[in-house]
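Q: Dumping the structure here so I can ask a few things about it.
The values are calculated or read from the model by the stated rules, or taken from the named source; none is laboratory data. Fair warning: this is a prediction, and the values are worked out from it, not measured in the lab. Because the Cβ atoms are built from the backbone with ideal geometry, glycine has one as well, and the counts that use them run over all protein chains shown.
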Amino acid sequence: MTSQQRLTGTTVIGTARLIAAKDLRVELRSRVLLNQVLPFALIVMVMFAFALDSDAVLERVAPGLVWLAALFSTLIMVSRSFAVETADGALDQLRSAGVPAMGIFIGKMMALMAQLVVLVTLLIIAAIVLYRAELSWSGSVLLVTTGLTATCGLAAVGTLYGGLAAGAKGRETLLPLLLLPVVAPVLIGATRATESAFGTRGVSTSQGWPWLGLLAVFAVLFSVSGAVALGPLLDD
Amino acid sequence: MSTVAHGHNPASIEPVVDLCDAVAVLGSFPALAGVTMTVQRGEIVLLSGPNGAGKTTLLRLCAGLVALERGQGRVLGVDLTSDRELVRHRVGMIGHSNGLYGDLTVTENVRFWGRTVGASESEIDLAVSRMGLDGRLAHLPVSRLSAGQRRRTALAGLVARRAELWLLDEPHAGLDAAGRDELDDVLKMAATAGATVIVASHELERAGKLATRQVEVIAGQVREIAGS
Amino acid sequence: MSKDQATSTPFTKGLGFFVLLGMLLLIILGIFVSPADVNQGESVRIMYAHVPGAWLAYLAFIVTAVSSAAYLWKRTRSLTWDRIAGASAEVGVLFMGISLVTGSLWGRLTWGTYWTWDARLTTTAFLFVTYIGYLAVRGLGGTHQQRARRSAVLALLAVLEIPLVHFSVEFWNTLHQKASVAGRGTNVEMNGLMLFTLFLGVVVFTLMYVWLVLHRQRSLMLEDMLDDSGLDNALNERRAEATRVGN
Amino acid sequence: MDDLGFIVASYVITFGSVALYARGMMRRARKAARDIPREKRPWL
């Protein structure tokens, strides 16, 4: 924590860019998102269709299913994001090399957010194709804003709790338990906003914007607290 | 208990590590119970001694990762009592793991660690070639390297991020005979190039040949082994 | 109970006696003596056990948050705060679990349904799961200081999380006016004896909470000491060995 | 009466779980206390 105080803002941002670029490069090489997470999310969407077995119901619940699938995929991606760091002790190395934790947080969060944006985009396309959700022009503005704000919130919480669970035994089982209750507001807010964007159940687009406020508050609160709290969580 | 700095370095230069009666505590246990030790620039010091004697804690103290509870300590001119965090980015510590990203190539890994201190591209190339990793190896993903090559990549990372003091905890562990020879060559070269190396190792006959002197750690205290 | 009083003192024994006495009195008053409610009928009797339990659970989590903050603040940093936070969270989870069960039994009698998505109920359920997660993190291992810091940060994050969850569920309900069954039957007209019974319930649960946290905090301390002494012994043996080899 | 069953169950669940928890806690504490000398316990 004290090493952050010494380092100026530029080193934090520089570190963040370095870490984000590294994470994205790792993804580019390993293609875990492309070859594993995206297919997983799609198969979940298809399975929902099997389980609900009715076009009318599917259209009604499409926004919820999009974000539910996004949440499950987030869990996998957070695990992966920190597995990369802990596989060969790189996280310890980063801390012992005095790399500012705030930079680590922002960098990993940005990389995660970039991947989540790709994922959510694909899920929304899947909802339009598979569940016959309809999107108007005014709705798509709301939808893009919702998607960005919600993924920002998810990435912040995911990075924070992922860092908390990193290196612990049973990380894969602990992470969902910690993460899912916290992201409930994102699920509720993003689902309602997406309903408005799709016009599901006759909800108008204008009704979606208040939910965006909730998503924004969530994203800001957890981005800030994550940037502050990751240092103490990683230090020993 | 005191150790005397060897004569081959001018005494006017401030030592890299200067500990005086240093005590470090793990929980409530005094892992280091009064260590007095001086290491000069360019030395390769071997720490020997049984498990749990405090070798790793001594390395971690020098890396600024453990608080100095009592006594005085300076590493690279930084006071460990008041600002041990400042020493972290100038020291490189490698323990059981190398801290590498398996999916990235050797150069990409070295570049990543170099960039944490803003190293230039030429510095990174130099670090890679100095560890004998240039050519074909440089563009292989680390996951496809041998254990010895990985360790050398980690050391190249230390070069790239301009670590002035290298703290190596059992660096020979898990390497085959060829890997060990390579490692020794690399460490000798690093020391000639100006790095200071402290190695904790069980393998006395191997590390003994490498080291300029040997310090034995027993029960949280050190003593010089003469004639090494 | 046993000759070796592990975590008991005369004080906790006296306290325990009063808890037992109060419990007995609460059962007699709550089930037999107090009258049925005009609106709720007999089911109001569940309230005497349910309401104090839920309140104390919330109080327990507040105690956890405050002691976590006290641990994180450098000037008051002590593992005692961490153990109080842990003990309180454990008792809070226990009370909250009980309250969720008794609450849904009460709901079944009063509303005809075990569960409703009212903001208060939903938040309570999330609080329950969150603190189960908190307890899981406490069990992760590492040094005591690591455990303390990790869980303290988590407890403070929970303070951030809960209002957000509550607000979002409430917002969700107002927009989609889910048949607000939760409002029904809650207006209780308490007469003197009923109020006294509820008050007694709060007193009994408070004393029970104090008793449980005192004991649990002490037993956590014993467990920590056990860890330490194990390490001490091992290291002392090693040191003895080292000096033998060294000389 | 149906209600009575629910009411009694509530009380049994409430106090029963607390008693079970307390018993488990005391048992663990006694086990731990066997190896810790009395003078190291600040509450005694």
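Q: Of the residues B:R206, B:R180, B:R161, B:R213, which single one is at negative phi and buried (at least 22 other Cβ atoms within 10 Å of the Cβ)?
A: Working: B:R206 fails: buried (at least 22 other Cβ atoms within 10 Å of the Cβ); B:R180 fails: buried (at least 22 other Cβ atoms within 10 Å of the Cβ); B:R213 fails: buried (at least 22 other Cβ atoms within 10 Å of the Cβ).
Exactly one of B:R206, B:R180, B:R161, B:R213 is at negative phi and buried (at least 22 other Cβ atoms within 10 Å of the Cβ), namely B:R161.
Q: Among the candidates A:T200, A:T191, single out the residue that is within 10 Å of another protein chain (Cβ to nearest Cβ), of a type in the set (S, T, Y) and in contact with a Pro (Cβ under 9 Å, 6 or more places away or on another chain).
A: Values: A:T200 fails: within 10 Å of another protein chain (Cβ to nearest Cβ).
Going through A:T200, A:T191 in turn, the sole match is A:T191.
Q: Return a yes/no flag: does region B:8-15 have any residue that is modelled with pLDDT of 85 or more and either surrounded by fewer than 20 Cβ atoms within 10 Å (Cβ to Cβ) or not hydroxyl-bearing (S, T, Y) (or both). Break it down into steps so the answer makes sense when it comes.
A: Narrowing region B:8-15 to residues modelled with pLDDT of 85 or more: B:15.
Filter once more, so that each one left must be either surrounded by fewer than 20 Cβ atoms within 10 Å (Cβ to Cβ) or not hydroxyl-bearing (S, T, Y) (or both): B:15.
Yes, the conditions are met somewhere in region B:8-15.
Q: Out of everything in region B:105-119 that is touching a Ser or Thr at 6+ places or on another chain (Cβ under 9 Å) and of a type in the set (S, T, N, Q), what residue ends up being farthest from the other protein chains (Cβ to nearest Cβ)?
A: B:N109
Q: Moving on to the next point. Out of (1) modelled with pLDDT of 85 or more; (2) within 16 Å of B:D18 (Cα to Cα), what's the single condition that is false for B:R115?
A: (2)
Q: I need the helices (runs of 4 or more DSSP H) fully contained in region A:1-104, keeping only those with at least 3 residues that are surrounded by 17 or more Cβ atoms within 10 Å (Cβ to Cβ). Walk me through it before giving the result.
A: Working: elements: A:2-6, A:9-30, A:38-52, A:55-86, A:90-96.
Because the criterion is at least 3 residues that are surrounded by 17 or more Cβ atoms within 10 Å (Cβ to Cβ), the helices (runs of 4 or more DSSP H) in region A:1-104 that meet it are A:9-30, A:38-52, A:55-86, A:90-96.
For every residue, the table says whether it meets (1) within 11 Å of chain D (Cβ to nearest Cβ); (2) under 16 Å from the mean Cα position of the chain (by Cα).
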{"residue": "C:A49", "(1), (2)": "yes, yes"}
{"residue": "C:G53", "(1), (2)": "yes, yes"}
{"residue": "C:L59", "(1), (2)": "no, yes"}
{"residue": "C:S68", "(1), (2)": "no, yes"}
{"residue": "C:V101", "(1), (2)": "yes, yes"}
{"residue": "C:D118", "(1), (2)": "no, no"}
{"residue": "C:T123", "(1), (2)": "no, yes"}
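Q: Further, regarding this structure: Kindly indicate whether A:A97 is within 11 Å of chain B (Cβ to nearest Cβ), within 13 Å of A:K22 (Cα to Cα) and over 18 Å from the mean Cα position of the chain (by Cα).
A: Values: within 11 Å of chain B (Cβ to nearest Cβ): yes; within 13 Å of A:K22 (Cα to Cα): no; over 18 Å from the mean Cα position of the chain (by Cα): yes.
No.
Q: Out of C:V51, C:V137, I need the residue that is surrounded by 18 or more Cβ atoms within 10 Å (Cβ to Cβ) and either in contact with a Cys (Cβ under 6 Å, 6 or more places away or on another chain) or more than 27 Å from C:L198 (Cα to Cα) (or both). Which one?
A: Details: C:V51 fails: either in contact with a Cys (Cβ under 6 Å, 6 or more places away or on another chain) or more than 27 Å from C:L198 (Cα to Cα) (or both).
Criteria check complete, one pass: C:V137.
Q: Then there is this: Can you tell me which residue is surrounded by the most Cβ atoms within 10 Å (Cβ to Cβ) among those in region B:62-104 that are within 12 Å of chain A (Cβ to nearest Cβ) and within 16 Å of B:A33 (Cβ to Cβ)? Before the answer, list the steps.
A: From region B:62-104, those within 12 Å of chain A (Cβ to nearest Cβ) are B:62-67, B:78, B:82-104; that's our starting set.
Keeping just the survivors that are within 16 Å of B:A33 (Cβ to Cβ) gives B:66-67.
On the way: B:V66: 22, B:A67: 12.
Within region B:62-104, the match that is surrounded by the most Cβ atoms within 10 Å (Cβ to Cβ) is B:V66.
Q: Could you pull out the residue among A:L174, A:L180, A:L160 that is within 19 Å of C:P163 (Cα to Cα) and either surrounded by fewer than 22 Cβ atoms within 10 Å (Cβ to Cβ) or of a type in the set (F, W, Y) (or both)? Lay out the reasoning, then the answer.
A: Working: A:L174 fails: within 19 Å of C:P163 (Cα to Cα); A:L160 fails: either surrounded by fewer than 22 Cβ atoms within 10 Å (Cβ to Cβ) or of a type in the set (F, W, Y) (or both).
Going through A:L174, A:L180, A:L160 in turn, just one is within 19 Å of C:P163 (Cα to Cα) and either surrounded by fewer than 22 Cβ atoms within 10 Å (Cβ to Cβ) or of a type in the set (F, W, Y) (or both): A:L180.
Q: When only residues in region C:1-47 that are among the charged types (D, E, K, R) and under 18 Å from D:A29 (Cβ atoms) count, which is nearest to the other protein chains (Cβ to nearest Cβ)? Quick ask: steps written out before the conclusion?
A: Quick first cut of region C:1-47, residues among the charged types (D, E, K, R) only: C:3-4, C:13, C:37, C:42, C:45.
So of that shortlist, the ones also under 18 Å from D:A29 (Cβ atoms) come out as C:3-4, C:13.
On the way: C:K3: 10, C:D4: 6, C:K13: 12 Å.
Among those that are among the charged types (D, E, K, R) and under 18 Å from D:A29 (Cβ atoms), it is C:D4.
Q: Could you grab me the full set of residues in region D:9-25 that are more than 7 Å from every other protein chain (Cβ to nearest Cβ) and either touching a residue at least 24 places away in the same chain (Cβ under 8 Å) or of a type outside the set (D, E, K, R) (or both)? Working first, answer last.
A: Step one: of region D:9-25, the residues more than 7 Å from every other protein chain (Cβ to nearest Cβ) are D:12, D:16, D:19-20, D:23-24.
D:V12, D:G16, D:A19, D:L20, D:G24, listed by residue number.
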